[in-house]
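In what follows, a structure is listed as structure tokens, so that the remarks can point back to it.
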Amino acid sequence: FAILVCFFMVFLCNVQSIRYYAHVSFLITVPVSRGKREHCEYVSRNLNRASYFWSLGLRAFYFSFPLFLWNFGPIPMFVCCCMMSSILYFLDTTTSFTRHLHSESFREIVESMDGEIESAVHSL
């Protein structure tokens with residue numbers, strides 16, 4: 001029964017996530033006049049909600065593995081819990097190396113976009 005409830009939660013969270021992502025994709029394409037900060041905040045709030053529901057659904061799916069292995073006894077479940085804890089720890093934390101890697105790639109993207117914008121302005 002517990003694994004059924006877990007999969008039901010996974011389904012509900014993923015449906016909510018898809019709903020919010022679809023709503024955000026529609027809202028992003030709507031033309032807005034300049035200076036409408038409320039619109040941007042609303043879109044970002046919905047995008048954060050979609051990410052939150054996706055994360056909850058994924059966590060509930062991860063939680064179903066130990067529940068499934070519980071059918072085979074307490075030892076496989078314990079081993080799975082230990083492995084999941086270590087895997088999720090490394091997925092949830094960042095190191096200075098990954099922060100530096102992401103910040104450098106972001107700077108490269110911004111610099112390349114600045115060059116493209118300047119060339120487009122000069123061509124006009």
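Brief remarks on what is shown
- A crude spin-label estimate for the pair LYS36 and PHE78, with each label 7 Å from Cα along the Cβ direction, gives 5.9 nm.
- Sparse-neighbour loop sites [trypsin sites (Lys or Arg not before Pro); the stretch 1-83; at most 15 other C-beta within 10 Å; DSSP]: ARG34, LYS36
- Rounded to whole numbers, the Karplus 3J(HN,Hα) couplings from phi for the stretch 69-74 are 6, 5, 4, 9, x, x Hz, using 6.51 cos²θ - 1.76 cosθ + 1.60 with θ = phi - 60°, and x at Gly and Pro.
FYI, it's all coordinate maths here, none of it is from the lab. Just so it is clear, the structure is predicted and the values come from calculations on it, not from any experiment. When we count neighbours, we look across all protein chains shown, and the Cβ atoms used for this are built from the backbone with ideal geometry, even at glycine.
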